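Everything below concerns the one structure shown next.
The values are calculated or read from the model by the stated rules, or taken from the named source; none is laboratory data. Bear in mind that the values here come from a model prediction, so they are computed numbers and not experimental data. Positions of Cβ are generated from backbone atoms using ideal geometry, with glycine treated the same way; all protein chains shown enter the neighbour counts.
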Amino acid sequence: MHIHRYERWWMTFGIAMLVVFLLMIGFAAFADNINPPSGLQQVDPQKLSQTPPFDKPGLRKLPNGTYEAYYVAEVFNFIPATLSVPVGSKVTFYVTSADVVHGFFIPRTDINMMAIPGWVNTQSHTFTRSGDYLLICHEYCGIGHQNMFARIAVH
Ligand SMILES: [Cu+2]
């Protein structure tokens with residue numbers, strides 16, 4: 001089979017780039033220790049209403065002054081719908097879903113997770129700027145997806 005010289009160059013280039021990108025991902029994962037956020041804790045989505053802390057979702061203040069926020073995502077709400085914390089607060093978010101896969105995204109922060117039934121995802125953020133933050137679902141979850149949001153007041 002004859003392969004044109006330019007075709008061979010492009011194939012070599014394409015395969016070489018694939019190898020380079022795989023090495024970069026491997027380097028980031030193992031040498032730089034960059035991993036997807038948690039997702040190691042499991043919970044029964046059928047029994048969230050009886051499983052602490054998701055039986056009473058909301059904000060907890062820890063003795064060290066930081067906060068933990070427990071969220072349940074369900075079609076088409078976040079529970080709690082509103083939250084308020086003082087400026088400068090470090091908040092660790094714990095999120096799970098009661099039904100289907102939802103998104104958990106707070107623009108202007110680095111909080112960007114999936115809410116997956118059966119799993120608890122975790123990310124932390126320190127709110128250094130005051131304002132009203134929107135928490136939105138950014139994974140299409142059904143007919144009311146565009147109305148799925150909550151608010152976080154930082155003052
Ligand atoms: Cu959604």
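Going by what's in this entry, would residue 48 be described as out of contact with any His (no Cβ under 9 Å at 6 or more places or on another chain), part of a helix (DSSP H, G or I) and surrounded by 14 or more Cβ atoms within 10 Å (Cβ to Cβ)? It would help to see each step written out before you state the result.
Working: out of contact with any His (no Cβ under 9 Å at 6 or more places or on another chain): yes; part of a helix (DSSP H, G or I): yes; surrounded by 14 or more Cβ atoms within 10 Å (Cβ to Cβ): yes.
So residue 48 passes the test.
Of all the listed residues (54, 78), the sole one being under 16 Å from residue 151 (Cβ atoms) and touching a residue at least 12 places away in the same chain (Cβ under 8 Å) is 78.
For residue 97, the conditions (1) buried (at least 16 other Cβ atoms within 10 Å of the Cβ); (2) within 14 Å of the ligand (Cβ to nearest atom); (3) over 14 Å from the mean Cα position of the chain (by Cα) are fulfilled apart from (3). Residues in the stretch 132-142: is at least one more than 14 Å from the ligand (Cβ to nearest atom), without any contact (Cβ under 8 Å) to a residue 24 or more places away in the chain and more than 17 Å from the chain's Cα centre (by Cα)? Checked the stretch 132-142: at least one residue is more than 14 Å from the ligand (Cβ to nearest atom), without any contact (Cβ under 8 Å) to a residue 24 or more places away in the chain and more than 17 Å from the chain's Cα centre (by Cα).
Residue under question is residue 71, and the condition is that it be modelled with pLDDT of 95 or more and either within 16 Å of the ligand (Cβ to nearest atom) or outside the structural domain of residue 45 (by TED's automatic domain parsing) (or both); does it hold?
Numbers: modelled with pLDDT of 95 or more: yes; either within 16 Å of the ligand (Cβ to nearest atom) or outside the structural domain of residue 45 (by TED's automatic domain parsing) (or both): yes.
So residue 71 passes the test.
Counting only residues that are β-branched (Val, Ile, Thr), within 15 Å of the ligand (Cβ to nearest atom) and at pLDDT below 95, the stretch 102-123 holds 1 of them.
When you scan the stretch 4-24, do you find a residue that is in contact (Cβ under 8 Å) with a residue 60 or more places away in the chain and aliphatic (A, V, I, L, M), even just one?
First, the residues of the stretch 4-24 that are in contact (Cβ under 8 Å) with a residue 60 or more places away in the chain: none.
Within the stretch 4-24, not a single residue is in contact (Cβ under 8 Å) with a residue 60 or more places away in the chain and aliphatic (A, V, I, L, M).
Restricted to the stretch 67-155, the set of strands (runs of 3 or more DSSP E) holding at least 3 residues that are under 22 Å from residue 42 (Cα atoms) comprises 67-74, 77-79, 90-97, 102-105, 112-115, 119-126.
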